[in-house]
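Take a look at the structure set out below.
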Amino acid sequence: MRVLIIGCGYVGVPLGAELVRQGHEVFGLRRTAEASAELVEAGIAPLAGDLTDPDVLSRLPGPFDWVVNLASSNRGGAEVYREVYLEGARKIVDWLSASPPMKYVYTSSTSVYGQIDGSVVEESHVAEPVTETGKILVETENVLITAARERSFPAVTLRVAGIYGPGRGHLFLKFLKGEALMAADPERLINMIHLTDLVNAIIGALREGRPGEIYNAADDEPVGQGRFFGWLAETLGRELPPVASEEELKRRKRGVTNKRVSNKKLKSELGVALKFPDFRAGYTAEIERLRREGTLESDRWDESA
């Protein structure tokens, strides 16, 4: 297959490397050519261009059999979300409709679920995000669902939980730096997925995903913040982080939600088998990696000491 990965960064590089290993021809699109060497090392043909530029798509060396959209807002606000995700999706659908791929996979976010009662959420449940950025993600999903229904566009959406892995994991890195803050309610749930398992989920969606469908990409065990930080504190021999103020919680980009994201559909329909089914397995591997590198106890992390 000829594969295009749009936004070929933290997730896209290992995804592309695995697809290359499986015998596919992979192209990776980034905003600039600065990191082309990383893509070349992974066997990915580098392409440079900003998705918001209307001429970029028309210059890409298509056609492609599979397209994966991992474009990021780079922590921008609602205006950037609208330009990158919503308008980007519309441009991509129009561009690919002339020569449709066999499959198009878009990565959304489990932040679209606004539930606060700790309930289990599946793909069929209502997505009513409280943040403006979350609402834009839902609009983007609806563009793809409509294109699948009305234009036979082969779009599959993955709603991705918090990604962690080598060098990534917001709460974990904050904990190592001594900057973590815990929610006042220690039972408030965190939903996560390891990078390795997300790569496999995307490949599963490319192979088995049904156009117009949504799949949650999360691990088997949503965990309360109290248990998560308690495990880290015990494992690393450190103190629990302090509790965040209400004002601090309100500033958080995703808003305060509390839900258990179900991955049942991901595993049953796409056949995804998780290498790291829970946070303990994934973070044990990451802690061991940092120890092998000799960086776990370095001043870079232990800034509170």
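Looking at segment 18-28, is at least one residue buried (at least 16 other Cβ atoms within 10 Å of the Cβ), touching a residue at least 60 places away in the same chain (Cβ under 8 Å) and charged (D, E, K, R)? Let's see the steps before the verdict.
Step one: list which residues in segment 18-28 are buried (at least 16 other Cβ atoms within 10 Å of the Cβ), which gives 18-20, 24, 26-28.
Cutting the leftovers down to touching a residue at least 60 places away in the same chain (Cβ under 8 Å) gives us 18-19.
Retained after the next criterion (residues that are charged (D, E, K, R)): 18.
Yes: segment 18-28 contains one or more residues that are buried (at least 16 other Cβ atoms within 10 Å of the Cβ), touching a residue at least 60 places away in the same chain (Cβ under 8 Å) and charged (D, E, K, R).
Checking L240 against (1) part of a loop (DSSP other than H, G, I, E, B); (2) among the aliphatic types (A, V, I, L, M); (3) within 25 Å of S124 (Cα to Cα), which single condition isn't satisfied?
Failing condition for L240: (3).
Name the strands (runs of 3 or more DSSP E) wholly inside segment 154-228 in which the number of residues that are under 15 Å from E286 (Cα atoms) is 1 or more. I'd like the intermediate steps shown before the answer.
Details: elements: 155-160, 162-164, 192-194, 214-217.
Answer list for segment 154-228: 162-164, 192-194.
For the subset of segment 47-68 comprising residues that are open to solvent by 40 Å² or more (accessible area, probe 1.4 Å) and touching a Phe, Trp or Tyr at 6+ places or on another chain (Cβ under 8 Å), which member is farthest from D94 (Cα to Cα)?
Checked segment 47-68; the qualifying residue farthest from D94 (Cα to Cα) is P61.
Can you confirm whether V26 is under 20 Å from I92 (Cβ atoms), of a type outside the set (G, A, S) and modelled with pLDDT under 95? Before the answer, list the steps.
On the way: under 20 Å from I92 (Cβ atoms): yes; of a type outside the set (G, A, S): yes; modelled with pLDDT under 95: no.
Answer is no for this residue.
Any idea which of (1) in contact with a strand residue (DSSP E or B) (Cβ under 9 Å, 6 or more places away or on another chain); (2) over 25 Å from L195 (Cα atoms) is the one S58 doesn't satisfy?
(1)
Taking only segment 122-143 into account, find how many residues are free of Cβ contacts under 8 Å to residues at least 60 places away in the same chain and assigned to a helix (DSSP H, G or I). Walk me through it before giving the result.
Quick first cut of segment 122-143, residues free of Cβ contacts under 8 Å to residues at least 60 places away in the same chain only: 124-128, 132, 135-140, 142-143.
From what's left, assigned to a helix (DSSP H, G or I): 132, 135-140, 142-143.
Residues flagged as free of Cβ contacts under 8 Å to residues at least 60 places away in the same chain and assigned to a helix (DSSP H, G or I) within segment 122-143 amount to 9.
The values are calculated or read from the model by the stated rules, or taken from the named source; none is laboratory data. Predicted model, so just to flag it, every value in this text is computed and none were measured. Positions of Cβ are generated from backbone atoms using ideal geometry, with glycine treated the same way; all protein chains shown enter the neighbour counts. These accessible areas exclude ligands, DNA and RNA; they are computed on the full protein's heavy atoms, side chains included. Shrake-Rupley method; radii C 1.70, N 1.55, O 1.52, S 1.80 Å.
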